[in-house]
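Rule-based calculations on the coordinates, nothing more; no lab input. Values in this document were obtained by computation on a predicted structure and should not be read as measured data. A quick note on method: Cβ atoms are made from the backbone with ideal geometry, for glycine too, and the neighbour counts reach across all protein chains shown.
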Amino acid sequence: MSNETEKSVITEVLACIDGSRYSSAVCDYAAWFSLSLSAPLTLLHNLEHSENAASSDLSGAIGLGSREALLEELTSIEAQRNKLLIEQGKLMLDAAKARVVAAGIAAPTLKQRHDGLTESLIAMENDIRLLVLGVRGEEHAQDAHHLGGHLEASIRALHRPILVVNCDFKEPKKIMLAYDGSEASGKALELLVNSQRFTHLPVHLVTVGESPSTASALQDSATQKLQSAGHTVIAATLEGEPSKTLHSYQDDHDIDLTLMGAFSHTRLREWVLGSMTVKMLLSSSRPLLLLR
Amino acid sequence: MLLSSTRRDWLGNVRGDSLAGIVVALALIPEAIAFSIIAGVDPKVGLYASFCIAVLTSILGGRPGMISAATGAMALLMVTLVKDHGLQYLLAATMLTGVLQIIAGYLKLGELMRFVSRSVVTGFVNALAILIFLAQLPELTDVSWHTYAVTAAGLAIIYLFPLINKTLPSPLLAILALTAASTYLGLDIRTVGDLGALPDTLPIFLWPDVPLTLDTLKIVFPYAAGLAVVGLLESLMTATIIDDLTDTPSDKSRECKAQGIANIGAGLLGGMAGCAMIGQSVINIKSGGRGRLSTLVAGTVLLLMVVFFEEQVSMIPMGVLVSVMIMVSIGTFNWGSIRDLKTYPLSSNLVMLTTVIVVVWTHNLAYGVLAGVLLAALFFANRVGRFMYVVSERNEAEDRRSYKVVGQVFFASAEKMLAAFDFKEAVSKVVIDLNRAHFWDITAVSALDKAVIKFRREGAEIEVRGLNEASETIIDRFGVHDKPEEIDKVLGEH
């Protein structure tokens with residue numbers, strides 16, 4: 001991580017705020033990571049354009065200048081709606097700003113953008129060092145069995161580390177690294193090895209569902225790397241269905257932050273077996289830091 | 001790519017989409033019947049086509065919320081094919097149209113739309129409206145006064161009823177009321193049933209019954225090419241209109257491919273070629289339709305209505321259909337363009353009017369667009385050609401004449417540059433300074449050659465300055481020069 005900062009331009013921790021119940025936790029985690037990575041913090045509020053028609057006239061008749069009149073009408077209705085949304089978003093951003101300033105961030109940047117969240121994030125991808133967002137947004141606030149509307153699409157579209165927040169803020173004390181030797185989980189390992197901030201934290205290195213010989217080989221090399229970077233390593237090899245096993249390990253050992261690779265299998269396999277990442281996102285009760 | 005769609009595309013606006021889809025379906029039925037009559041085929045050909053095209057484009061299309069079905073613009077192109085060779089050849093042409101449109105989609109020919117100027121688009125839309133209106137005239141000539149009465153009553157209901165109530169589609173009301181009235185009064189007027197077969201079953205999969213020979217291809221290809229071009233033009237223009245109305249983007253190449261697949265499907269189900277419809281798409285948006293669901297509902301409801309109410313549909317008097325089509329024609333026409341005639345530059349107006357006149361003359365929208373685009377290009381070349389002048393300066397002491405060429409030199413302005421040189425003046429030295437000129441083509445270079453030779457013949461010693469820099473703009477490949485700083489280097493003062 002440290003050598004990456006040297007060669008790249010300033011990249012930021014980006015926190016997505018939408019006024020849902022995870023927004024304040026998103027602010028807290030973003031602030032914590034912004035300080036840890038000493039990267040500037042940007043707060044983003046995205047203005048979703050509603051698919052619902054602003055007006056409807058079921059008369060089905062079109063006459064002189066109907067098209068011009070319709071454009072005029074739709075424009076004025078949407079202008080009013082968007083003005084309200086912008087105003088509302090500003091209030092949210094101000095509240096979020098106050099919160100992160102209190103947490104010690106000197107000058108967070110505030111941004112508002114139109115368009116779908118995923119599209120906005122893709123447009124900003126190059127500036128993102130770490131993306132922080134809630135597991136569910138305002139649209140699905142009540143619905144505990146679904147992920148947020150944008151989450152999966154955003155994770156798939158972006159190739160940046162993403163922290164998915166699903167509980168109130170608690171300063172990370174114990175970290176779990178779900179390691180299966182894949183490229184994405186290798187990146188997660190690297191992040192731990194390279195980041196100064198994490199050195200004093202114990203790391204639970206967990207491998208699930210691999211054959212004993214592969215598992216021990218994987219664990220040995222990873223443990224070595226982590227130890228040489230100064231981490232205390234608690235290694236564990238577990239059997240069972242990965243997402244369930246990892247989840248119960250999280251609970252048993254009171255893990256507050258899980259690092260894992262995301263969506264590293266082919267779409268076909270995910271389609272047949274279900275995506276392990278999606279299952280983890282649904283079952284985990286503590287934040288996940290996903291690497292692509 | 002073709003199948004990708006988000007949950008929002010389909011389920012983002014279920015209530016609005018369903019209601020709008022039903023409104024559109026009710027307006028599509030008279031249109032599909034009317035366009036079948038224009039093409040000279042049974043109403044079921046247009047109705048099956050409308051069903052198939054609407055359903056396929058709802059799933060595959062690049063512009064959610066746009067309505068595609070059997071259209072007047074396409075129907076007008078197939079009249080002679082149907083008359084000379086029959087329905088089966090039309091089905092074959094429809095499938096070939098689809099193949100050509102898919103190829104156009106993969107070649108990204110939709111991007112060529114940027115050469116179609118605003119005035120041409122306006123002309124296209126107006127011409128389309130006029131054609132739809134003109135196509136109604138045969139139904140209004142040599143008929144009893146009953147038909148006129150029915151048409152007038154239809155128009156009155158369509159336009160006046162929305163003033164009282166906006167929750168019921170007024171075209172549907174006009175059709176219901178006037179069909180009931182004419183049946184009750186036993187009026188002797190033509191009805192939809194008199195014009196040919198209506199669909200009595202769900203569509204059946206059939207390969208067109210034509211010999212697969214080169215002769216067939218020779219017959220079918222010219223029609224298919226015209227249909228493909230017109231279909232894509234109208235679809236892409238409609239997509240742009242919907243983009244503007246809904247303030248959302250669309251995928252034009254995907255729309256081209258979807259139109260192609262929809263037409264192949266239509267051909268296989270015994271339907272005629274179709275494309276996006278401006279009037280219906282506007283009705284859809286106005287009724288609150290935004291997502292893919294609206295188009296799917298429109299296509300499905302259309303077919304179910306026609307199959308299950310076949311008997312009632314066949315009793316609809318033609319006069320009511322005419323009034324619905326007049327409404328579509330009025331709604332399609334861009335009335336603002338008449339008002340703008342006073343304020344727009346003459347060249348734009350000429351482009352628009354030329355497009356309209358050529359289309360109405362040839363009944364082929366492709367020719368009109370071609371004429372409009374060519375005329376617009378000529379006007380543009382002429383205008384840019386004016387951005388060129390030559391200043392000259394005489395140096396008595398050294399017996400030297402210096403010409404300084406400033407601006408754009410190309411086929412439209414090369415003559416003007418030549419005319420600015422005074423070959424009859426006897427001087428011993430001539431300098432042509434091109435440091436502020438841009439040579440765009442070979443015409444410009446050869447004009448300069450000509451000038452140099454002429455001056456040499458007259459006995460002057462000639463020097464050309466800055467030619468290399470000036471001719472840097474003669475590049476067909478724009479690869480290296482597509483960065484702003486590179487463009488500045490070429491176009492800035494050398």
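Some points to look at:
- Look at the Cα gyration tensor of segment B:341-433: its axes a ≥ b ≥ c give a/c of at least 1.5 with a/b over b/c, and that counts as prolate.
- Cα centroid separation, segment B:372-433 to segment B:85-140: 44 Å.
- Counting, for every residue in B:284-291, the Cβ atoms of other protein chains within 10 Å of its Cβ and taking the mean gives 6.
- Within a Gaussian network of chain A (alpha carbon springs, distance under 10 Å), most fluctuating of A:91, A:246, A:47: A:91
- Whole-Hz ³J(HN,Hα) from phi, Karplus 6.51 cos²θ - 1.76 cosθ + 1.60, for segment B:138-148, glycine and proline x: x, 6, 10, 10, 6, 10, 6, 5, 4, 5, 4
- Using C-alpha pairs under 8 Å with a sequence gap of at least 6, the mean separation divided by the residue count of chain B gives a relative contact order of 25 percent.
- Size estimate for the protein assembly as shown follows the Kirkwood approach: the inverse of mean 1/r over distinct Cα pairs works out to 31.3 Å.
- Given 15 as the ceiling on other Cβ atoms within 10 Å, longest exposed-site-free region of chain B for GluC sites (Glu not before Pro) in DSSP loops: B:1-395
- The magnitude of the dipole of segment A:101-247, with charges of +1 and -1 set on the Cβ of Lys/Arg and Asp/Glu and taken from the Cα centre, is near 520 debye.
- Hydrodynamic radius (Kirkwood) for segment B:86-129, which is based on Cα pairs only, to one decimal in Å: 12.6 Å
- Comparing mean-square fluctuations of A:218, A:117, A:158 from a GNM of chain A with C-alpha springs under 10 Å, the top value falls on A:218.
- A straight line joining the Cα centroids of segment B:277-345 and segment B:198-239 runs 22 Å.
- A convex hull fitted around the alpha carbon atoms of segment B:260-308 yields 95 Å³ per residue.
- Here A:28, B:84, A:94 are placed in order of increasing Cβ neighbour count within 10 Å, fewest first, which gives B:84, A:94, A:28.
- Computed over segment A:164-215, Cα set: Rg, Dmax in Å: 12.8, 39
- Each residue in B:145, B:10 was given a count of other beta-carbon atoms within 10 angstrom of its own, and listing them fewest first yields B:145, B:10.
- Sorting B:285, B:37, A:122, B:219 by the number of Cβ atoms found within 10 Å of their own Cβ, with the fewest placed first, yields A:122, B:219, B:37, B:285.
- Helix-derived mean residue ellipticity, 222 nm - over the protein assembly as shown, DSSP H n ≥ 4, -39500 (n - 2.57), to 500: -18000 deg cm²/dmol
- Charge tally for residue B:423 (other residues, Cβ to Cβ under 11 Å; Lys, Arg +1; Asp, Glu -1): +3.
- Here the contact order of chain A, divided by its residue count and restricted to Cα pairs under 8 Å and six or more residues apart, works out to 20 percent.
- Take the Kirkwood radius over Cα pairs of segment B:64-218, plug it into Stokes-Einstein at 25 °C and 0.890 mPa s, and you get 123 µm²/s for translational diffusion.
- Average projection area in nm² (convex hull over Cα atoms of chain B, one quarter of hull surface): 29.7 nm²
- Largest-first ellipsoid semi-axes for segment B:278-360, taking √(5λ) over the Cα gyration tensor eigenvalues, angstrom: 35, 18, 11
- Kirkwood-based Rg to Rh ratio, segment A:182-246, C-alpha trace: 0.97
- Whether segment B:333-489 is rounded, prolate or oblate, judged on the alpha carbon gyration tensor where a/c under 1.5 counts as rounded: prolate
- Per-residue mean of C-beta atoms belonging to partner chains within 10 Å, peptide B:326-336: 4
- Think of the protein assembly as shown as having a plus end and a minus end, set by charges on the Cβ of Lys, Arg, Asp and Glu; of B:186, B:144, B:347, B:347 sits farthest toward the positive end of this dipole.
- Cα gyration tensor shape for segment B:1-68, rounded if a/c is under 1.5, else prolate or oblate: oblate
- In plain terms, chain B is cut at each of the trypsin sites (Lys or Arg not before Pro) found in a DSSP loop with at most 11 other Cβ atoms within 10 Å, and the longest leftover piece is B:109-341.
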